[in-house]
1. Any chance you could count how many residues in the range B:124-151 are crowded, with 16+ Cβ neighbours inside 10 Å, out of contact with any Leu (no Cβ under 7 Å at 6 or more places or on another chain) and among the polar types (S, T, N, Q)?
2. Residue C:91: touching a residue at least 12 places away in the same chain (Cβ under 8 Å) and within 9 Å of chain B (Cβ to nearest Cβ), yes or no?
3. Only residues that are at the interface with another protein chain (Cβ under 9 Å from one of its Cβ atoms) and within 13 Å of the chain's Cα centre (by Cα): list them for the range C:22-35, please.
4. Which condition number does residue B:50 fail, the rest of (1) under 21 Å from residue C:49 (Cα atoms); (2) more than 9 Å from chain A (Cβ to nearest Cβ); (3) in contact (Cβ under 8 Å) with a residue 24 or more places away in the chain being met?
5. Of all residues in the range C:36-77, count the ones that are at the interface with chain B (Cβ under 8 Å from one of its Cβ atoms) and in a loop (DSSP other than H, G, I, E, B).
6. Do you know which residues across the range A:77-124 are within 14 Å of another protein chain (Cβ to nearest Cβ), out of contact with any helix residue (DSSP H, G or I) (no Cβ under 9 Å at 6 or more places or on another chain) and of a type in the set (A, V, I, L, M)?
7. Could you go through the range B:114-124 and let me know if any residue there is within 19 Å of residue C:91 (Cβ to Cβ) and either assigned to a helix (DSSP H, G or I) or modelled with pLDDT of 90 or more (or both).
8. Can you go through B:106, B:162 and tell me which one is within 12 Å of chain C (Cβ to nearest Cβ) and of a type outside the set (Lys, Arg)?
Amino acid sequence: MAADMRLPRVRKTLSVSESASHRRDLVVPGDIITSDTGFMRGHGTYVDDDKLTASVAGEVQRVDKLICVRPLKTRFNGEVGDVVVGRITEVQQKRWKVETNSRLDSVLLLSSVNLPGGELRRRSAEDELTMREYLQEGDLISAEVQSVFSDGALSLHTRSLKYGKLGQGVLVQLSPSLVKRQKTHFHNLPCGASVILGNNGFVWLYPTPGQQEEEAGGFYTSLEPVSLADREVISRLRNCLLALAAHKVLLFDTSLLYCYESSLQHQVKDILKPEVMEEIVMLTQQKLLEQEG
Amino acid sequence: MATAQVSEAEKVYILHGIREDLRVDGRGCEDYRHMEIETDVVSNTDGSAKVTLGHTAVLVGIKAEIGKPRPMIPNEGYLEFFVDCSANATPEFEGRGGEELGTEISNTLYKVFNNKHSVDLQSLCISPGEHCWVLYVDVLLLQCDGNLYDATSVAIKAALFSTKIPRVHISTDDEGGKEIELSDDPYDCMRIQVENVPCIVTLCKVGHRHVVDATLQEKACSVASLIISVTHKGTVTCTRKVGGGSLDPESVFEMTEAGKRVGKALHAPLMKLLQHEESLGRKTPKVGFLG
Amino acid sequence: MAGLELLSDQGYRLDGRKATELRKVQARMGVFAQADGSAYLEQGNTRALAVVYGPHEMRGSRSRTLHDRAAINCQYSMATFSTAERKRRPHGDRKSTEMSLHLKQTFEAAIMTQLYPRSQIDIYVKILQSDGGNYSVCVNAATLAVIDAGIPMRDYVCACSVGFVDETPLADLCYAEESVSSLSVALLPRGGQIALLQMDARLHQDHLEALMEAAMTACKGVSKVLDEVVRQHLQEAAVLNVCP
């Protein structure tokens, strides 16, 4: 039994290098980015009187002639090829609705999933009736964005062995802007657990699967108890993720791993105390800078 | 969010973890999350407190008004409770969506706090049968992340501790009529004895074990929970089963014992914190929502 | 007003401010983790919390779905302990319904709703402590919350109330001053566009221009403060976001 009670404190911002502050590429809504008409308008901007103006608060990103403003915190703006973790909210005719932290629920069509029996299996009317046996409300899946509908809703697919229904593990919901875009978002961390860093900010932590599990089209989930050691690693990673997110550190495999290593001297449940969080995030930052330099 | 969705496999994971005394966030079965408490955060109330427990945030404001004592108990004042489940906490509470939960919590609060064993109600009496102080305890839920009862009870205890009721002088005029005069001096005030005010401990039965301070995900796995109010001496003043499922008698006894143990241990750090905050005085600025 | 001098001969108001002086504004963005956006703002003794959820899939009746833009849904409520005299209900009375509607209209003018067809944005504001200018404080707090949620807006929306006493416009009224004829304005400061204008009492038409002028100046003053808060928040939150 432990109850940790304290007075609230004013939050401190952690910054490793002072030079990082006072950046000039930060804008607020209504700020004019450029009056040069040669640029193209991207997300987070609008044109007013031939002037490219910011509509959200965030950092300006320039890709060739395209100017975007990326807000610090936002709902998921999916693009084709993004890896997402989502939760089934509704089973409809021939499709599932999936909550992916987007502005509209995403869609997973029955024709975009691999059903047991291999790639070439034809979908029968029976499949439509037994959709709930594959995925039901509340189930978690990992998937990839296949296309974006005109109204902005995402269409997902799980046509690869790495995607599909998720089994035992822990979901952490964070801001999508904290997840770094990488070649792969599936990582088997050396500390003994695996992680899916969904582009939509949903992070899935799960015990590293042993030898390649018998694939039943990705719909079989093991309900065997997870070992205590694995649980501790997963819980520690979960708290590390929350600590990094609380201090706005970009999430990718290395930052998570460094944070994990920095946290080892503390008990898992203590990581979420503000002072411990500060300490390990500072250590993580230092390690990241060392690696860079 | 008032409820969380959890898939079957996640449930199994949570269940097995609790069986092994290692919860998803690394806590043991009888550990509370980190709690932050601050009193006197709303200046136009007589007493107030803000408590955050995990992401759960509760704000309690107490206003003292002069009213008429209840006819059956003419020499006591009383407490009125109102729980506002605001839409700020979750869109589900918009409009009248939060009313049911609000009524459920406030009914429990009446049973736990509005009796003379918890609060010295006689000290709230101004003149028997005619005037007494009525304490309006208004609870505002700002964010729900599980375990509302415990957070609310701690916030109420803290707010009662910080409540300052102006002293009243009763003078009799020539015709025998009584006149009530409130003291102008802000330091001339009455405090409420909070020593015997209980705290609520909610025990959630998950699988074959029970946990305190359940998160929303853990609550989604539990069939039923037991609410126990415990004083600093470890006396149980109220128990109540909530939730749809059923509990067998053995586990009720087991949970009561655990609740007693946990509840008793809540009071000491809380009182220490409240006294520490008071000793800091007015010089340290309040953090409130600006922190 | 009998017995209460709102503006002294020396030009000072009840709380010692000059006629055009605003109350002290303090604010913080990102107060709550569970909502998409949140902000707390205090202007003098009036304090408000604003929370934004969305844009998300329409909830409840789908008939409200708009096919070309997002629907904005507002709820204004007051904590029961927020006023000097305790309130019985936090919301649902006529005044707060009207206030919710005003907020909705104000933010429909500012948020670029056409970017989010068929979705919904919820804005909930709660007055924790009320000391005049509730509408303005709510708008200012909600602006910060919307920015925190990363929802595109044309510009900030800043609101302020002005009153007219002894031929002098008073900016940012507190509760004691609200008895005079007052004007509430919500402004998109850069373009000088008015998102909401409300006048509750009698005023000679000749004075209206002066009053509007004062209101616009006051709103611009508020916008400067909000701008500082947002930039400060950006600096703090963005520092660690850039990693190799």
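The values are calculated or read from the model by the stated rules, or taken from the named source; none is laboratory data. What you are looking at is a predicted structure, and each value in this text was computed from that prediction instead of being measured. Positions of Cβ are generated from backbone atoms using ideal geometry, with glycine treated the same way; all protein chains shown enter the neighbour counts.
1. 1
2. Answer is yes for this residue.
3. C:27
4. Result: residue B:50 fails condition (2) only.
5. Here the count works out to 2.
6. The answer is A:85, A:88, A:98, A:104, A:107.
7. no
8. The match here is B:106.
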